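> Below you'll find the structure I mean.
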Amino acid sequence: MEWGAFDLQTKAVVVPRKTQFQGHTPEGINGKRWSARYGFLGFELLDRVVADGMNEKGLAAGFFYHHGFAEYAAYLPSLADQSMSPTDVLSFILSQCSTVEEVQKAMGKIRVVAVEDPALKMAVPLHIMVTDPDGNVLVMEFKDGQTTFFHNPVGVITNNPTFDWHLTNLRNYGYLSGVPFKNKKWGDVEISPLSGGSGLLGVPGDFTSPSRFVRAVVFAQNARSTSGGTDTMQEFFRIMDSFNVGTKQGEGSNQANNDPLPADTVWTSCHDTKNLITYYHTAFNRRIRSIHLNKIDFSKPGNRSIPLDIQRVQDIQNVSSSF
């Protein structure tokens, strides 16, 4: 989660099966009603908005800031029972769906309408990525009041502009390779790689969303082969180390922030959709923590939550006594 405007006070929340929901509209909490078919673990912002999470079936989803591009449906009171706000969507799909196919079918019946968020003073502009245990990946965007669905062949999402633009932009970087270029002669001069990594010379290194998208795709395509589970999680976090955004550089950082965090990358999460484990670390503490969904009782009524950081301090292991 990249955000630089204010402290999101993120918590990990367990939402059990049979939890009752109702969507928000400009008139209040009078939108679509539903009951949770599946329990889920969510990362909750400001004690009210689930922005990231995974359910007990291994469906994982997250939303991403999409300022200037998200265009929601006009609210029609006669269709209130089909309507919900953008920030209701993640709770809806995590509690109702087990596959990407089910998400697309369910969201095809929903009107996502603009509802002012009390923190932002506007409707939250976002787009959403969803993945399931079979490796299917879906991106949802909102254009001209319609929900648009994209198959995501690269498994990456960032922010602006639209997802299809990002895919087209990859065509500018087809020359990149995970192996050094082969020696060649230019006239009488022998040209050989000056250092390791020469095949990736030209990977964009800045923190704009187009550059981050390209960098993430290139790094993912050139990642080492992993055996799944912890091994894949470690490779994921190694790649994500290249996306830690400093203060005043992240999404929303143009707004006044009187309580800045150590970085605008507030937290980084990894969902193991096969083994039902969520991993994360935060701007305050880089130690990786895990939450095992198969050890959570999703039949127990009532939401339960904990702060992502019990204490906002980096824990450091002192190994001096080992010498």
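Taken together, the values in this text are just the output of simple stated rules run on the coordinates, not laboratory data. Since the model is a prediction, treat every value here as computed from it, not as a measurement. Cβ atoms come from the backbone with ideal geometry, glycine included; neighbour counts cover every protein chain shown.
> Order 169-178, 283-292 from most to least packed using the mean count of other Cβ atoms within 10 Å.
283-292, 169-178
> While we're on this one: Taking a point 7 angstrom from the Cα of PHE243 along the C-beta vector, which residues in segment 59-82 have backbone N less than 15 Å away?
61-66
> Given labels modelled 7 Å from the Cα in the Cβ direction, how far is it in nm from LYS274 to ASN222?
2.5 nm
> Here is a further query. Filter LYS143/LYS295; LYS32/LYS143; LYS105/LYS248; LYS143/LYS300 down to the pairs with a C-alpha to C-alpha distance above 32 Å, please.
Pairs exceeding 32 Å: LYS143/LYS295; LYS105/LYS248; LYS143/LYS300.
> Taking the simple approach of a point 7 Å from Cα along Cα-to-Cβ for both ASN169 and ASP315, what is their distance in nm?
Going by the 7 Å Cα→Cβ label model, 3.8 nm.
> Mind putting a number on the dipole of the chain about its Cα centre? Charges go on the C-beta only, +1 for Lys and Arg and -1 for Asp and Glu, and I need it in Debye to the nearest 20.
Charge dipole of the chain: 560 debye, to the nearest 20.
> Just need the relative contact order of segment 11-314 here, percent rounded to a whole number, with Cα pairs under 8 Å and 6+ apart.
About 18 percent, as a whole number.
> Can you give the FRET efficiency to the nearest 0.05 for LEU46 and ASP188, using r as the Cβ-Cβ distance and R₀ = 51 Å?
Calculated transfer efficiency: 0.20.
> So what's the back-of-envelope 222 nm ellipticity for the chain, counting only DSSP H runs of four-plus at -39500 (n - 2.57) apiece and dividing by all residues, rounded to 500?
So the calculated ellipticity at 222 nm is -4500 deg cm²/dmol.
> Please express the Cα-Cα pair-distance distribution P(r) of the chain as a list of whole percents, one per 10 Å bin, running from 0 to the bin with the greatest distance.
Final binned percentages: 5, 24, 33, 24, 9, 4, 1, 0.
> Which residue fluctuates most in the GNM of the chain (Cα springs below 10 Å): SER211, SER83, SER225?
Sorting by GNM fluctuation, first place goes to SER225.
> With labels modelled as points extended 7 Å from the Cα through the Cβ direction, what inter-label distance (nm, one decimal) is found for PHE323 paired with LYS295?
3.5 nm
> Moving on. Using a cut-off of 13 Å between beta-carbons, work out the net charge of the residues near ILE316 (Lys and Arg +1, Asp and Glu -1, ILE316 not included).
+1
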